[in-house]
Amino acid sequence: NSPSLGYPTTDDSSRRKAHHLTSTTTMKSIRQVFPCRRLRCLLLLLSAVTCMSSAWDIAKDQRRHNILSSHRKSMEAKNQATPLAQSNGPNEQDLPRPPAGRLEELKMKEAELARQLAAIRMEKLAALRSKPLTIGIIGFGRFGQFIARTFAKHGKIVVTSRSDYTDIANGMGATYVPLDDPDSFLEKDLDVIIMAVSILSFESTVKKLVPSLQKYVDKNGKGPLLVDVLSVKEHARDIMLEYLPEECDILCTHPMFGPDSGRNGWNNLNFVYEKTRIDKVVFDPSATVSASETFMDATGGIHSIHEDSEAHLESIDRIERFLSIWEEEGCRMVPMSCKAHDEYAANSQFITHLMGRILGAQGLSMTPIDTKGFESVLQLVDSTTADSFELFYGLYKYNTNSMTTIEQLKAAMDNVVDNLKKLEAEDKEKEKAKSQDTTKILHN
């Protein structure tokens, strides 16, 4: 009858009287319903056992509660007294089990964070659509048309190319301007200009654009953001820094996909970029500074993205709006220096094209007994040879790491051939020794 178990806290005499009255009334009712004395005794015995079982369950629950509370308090005290080692990380066996309801609490927090992220994305989309960019594309070939179709959902598109693509441009809601009229192209008040031309023609295209671009800058006091999409980055970076007016911001990018690999959307496809120049300040990607608030220029000067210059803030906003288009289309955004990009690309993109070209030169074709591995080889040949040899040559010529990759491939092939010849020579020696032993046995 402990009060802690939920029983009433009356005085003993009152409780005894109430208990006696209840018991007397209950016994009279039982005698009326069950006149048989033996049946009444059995019923009373069952009632007593049930009451004892209930009391035992209550006591057992109370003991379990006390044990869990004591264990939880001791584990909390242990964690506070002995922090986990930072070097090797926490051991899963040493971690205390989460208390009841903790997992549910974490799931609720996770759902709340997901809701906040969705709200932020909607707010970002609203901000992006409230001030859509006017994007110019120089080079309206296969890749230029590929990106223009997606950009048309996010802003106004103006294209220019050597061939007349008026009908195709009109079909996707874009405006076509002939390439030989760069002044008219720039008069469209372009926020961004994408240089979607080949690697080999990139330098000459930039040089031809510069006079009209300088005239536009002199007239308006500012220039558009220039973006390249070449497969080699240091070459594009050097050319744009050398020839473009300093009033033009520069963004070096490489979408690691094309019309074939991105035909079903850009979700989870890599987009590499370097913010090369912002408001006349050249970014030094090798400097280790706070990525979000400050950056270091090529001379070692530290600059804040919140500098007082209105032009600086506009430049930052324009770049972020342009990058947001790729991000909203699902791209995996990869900030990376042009130098690091070319080092990685030589051992990934260039060697892929190199192997595809080498295998394609072998004249490989399907057979009735193709394995899955050989089918993959044929797919590699088809995907690499679908691009022009001009692109492959550009990957070789304008990536300073490409020759190193070729030499390493030659050395690796020579090593494999040497190992084959070595094993072949060892087999011949074994066969020769075996033949000599056989001859000796026959002579004996």
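If you go through the stretch 310-331 and keep only what is farther than 12 Å from THR253 by Cβ, surrounded by 19 or more Cβ atoms within 10 Å (Cβ to Cβ) and in contact with a helix residue (DSSP H, G or I) (Cβ under 9 Å, 6 or more places away or on another chain), you end up with just ARG321. Here is the figure for the stretch 394-403: residues that are open to solvent by 70 Å² or more (accessible area, probe 1.4 Å) and over 15 Å from THR352 (Cβ atoms) total 3. Evaluating PRO132 against the criteria (1) modelled with pLDDT under 95; (2) in a helix (DSSP H, G or I); (3) surrounded by 13 or more Cβ atoms within 10 Å (Cβ to Cβ); (4) more than 23 Å from the chain's Cα centre (by Cα) leaves one unmet condition, (2).
Suppose the filter is part of a loop (DSSP other than H, G, I, E, B) and either modelled with pLDDT of 95 or more or crowded, with 17+ Cβ neighbours inside 10 Å (or both); does PRO259 pass it? No; evaluated as a whole, the condition is false for this residue. The residues of the stretch 356-374 that are assigned to a helix (DSSP H, G or I) and either at pLDDT below 90 or open to solvent by 60 Å² or more (accessible area, probe 1.4 Å) (or both), listed by number, are ILE358, ALA361, LYS372. Of the residues making up the stretch 290-347, those that are in contact with an Asp or Glu (Cβ under 9 Å, 6 or more places away or on another chain), modelled with pLDDT of 65 or more and of a type in the set (Val, Ile, Thr) are THR299, ILE316, ILE319. The residues of the stretch 110-129 that are of a type in the set (D, E, K, R) and modelled with pLDDT of 85 or more, listed by number, are GLU110, GLU112, ARG115. Say we look at the stretch 135-157 and pick out the residues that are part of a helix (DSSP H, G or I) and aromatic (Phe, Trp, Tyr); which of these is surrounded by the fewest Cβ atoms within 10 Å (Cβ to Cβ)? Selected residue: PHE146.
The values are calculated or read from the model by the stated rules, or taken from the named source; none is laboratory data. Just so you know, these numbers come straight off a predicted model, no measurement behind them. Note that each Cβ is placed from the backbone with ideal geometry, even for glycine, and that neighbours are counted across all protein chains shown. Protein only, heavy atoms only, side chains kept; ligands, DNA and RNA dropped before computing areas. Shrake-Rupley method; radii C 1.70, N 1.55, O 1.52, S 1.80 Å.
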